[in-house]
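Input: a single structure, listed below in structure tokens.
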Amino acid sequence: MRIDEIIASGGPTFSVEFFPPKTAEARAELFATARSLRELEPDFVSVTYGAGGSTRDGTVEITRELKDELGLETMAHLSCVGETTEGLATTLDRVAAAGIENVFALRGDPPRGEADFVQPEGGLGSAAELAAFIGSRWDFTIGGACFPEVHPEAPDLATDLAYLKTKVEAGASFLITQLFFDNQVYFDFVAAAREAGIEAPILAGVIPVASFAQTKRICALCDATIPARLERAFEAAGGDERAEFELGIAYAAQQCAELLLAGAPGIHFYALNRAPATRAVLGAVHAARPWERAGGARVTSRSR
């Protein structure tokens, strides 16, 4: 099923992001995670993409297997990094042949060790160009990324939103945010996006923290801010893994409840290929059903 149709069908959308495993052990862990989370009926799952051959073949294969073997609705990520248009076309043909209907169009980060993105010779230079390329020849629902705390390469929010609008105009019918911890950042970003004329649904990206050290490393890579009050709470755990895990679940569950109560159209979980934290948070959200207590207009998604 197409993700834009899922989002439009009513009720919040819940999704989970995985990355292609590089070892047999990691593969087994991924599928164990997917089976565990399947019981909570996520609306779709996505699989990230490694450029330059690192995991790109695995993206299509894992996405297909999650769909065919586990019955999950899936979305394949696709990046411009290190790819010619011919290479992108080959991958898109494989995605279509696998029966996958959804693609997440990304420019992609520079390869490790390189400071800046360089458009590949014979390739594309932006997610907007990639979305337009996909729409010109293939019948996929296209998703795009957005950055509540502003993309690291954008000089300011206005510039970032102006580019985001071109991505939507090129064919992205829904957006998923980079991870964030302060919900006000999301609310302010969505309001600014609507003011800029961006009407696509914006799913909130949430990471249930299982390990504070790991999460800090991820945030450093993507320039996501950890609020000082949350950092102090994790530091008070004194490195106790169980305490960090319980705090991460409690915080993410509260974060999701507030987002859904305010009308966010959905939550996209960054699960890091592990089930327990995401399963606990998603299970709590399903049990509490905060969206049923939401009153008034759904101010964070006019298009629903």
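The values are calculated or read from the model by the stated rules, or taken from the named source; none is laboratory data. Everything numeric in this text was worked out from a predicted model, so none of it was measured. Every residue, glycine among them, receives a Cβ derived from its backbone with ideal geometry; neighbour counts consider all protein chains shown. Just the protein is used for accessible areas: all its heavy atoms, side chains included, with ligands, DNA and RNA removed. Shrake-Rupley method; radii C 1.70, N 1.55, O 1.52, S 1.80 Å.
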Inter-part gap, Cα centre of the stretch 146-184 to Cα centre of the stretch 214-280, in whole angstrom, is 21
Of the stretch 203-238, those with amide N under 13 Å from the point 7 Å along the Cα→Cβ vector of E258 are 227-231
For A243 and E25, extending 7 Å from Cα along the Cα-Cβ vector and measuring point to point gives, in nm, a value of 2.9
With the 8 Å Cα cutoff and a minimum separation of six or more residues, the stretch 14-53 has a relative contact order in percent of 65
Over the stretch 133-188, with neighbouring protein chains present, the accessible area per residue in Å² at probe 1.4 Å is 41
Of every hundred units of 1.4 Å-probe accessible area on the chain, the number belonging to carbon and sulfur atoms, as a percent, is 51
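Anything over 29 Å Cα to Cα? Flag those among K22/K165; K67/K216; K22/K67, in the order listed.
K22/K165; K67/K216
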Here the FRET efficiency for A154 versus E235, based on Cβ atoms and R0 = 22 Å and rounded to 0.05, is 0.10
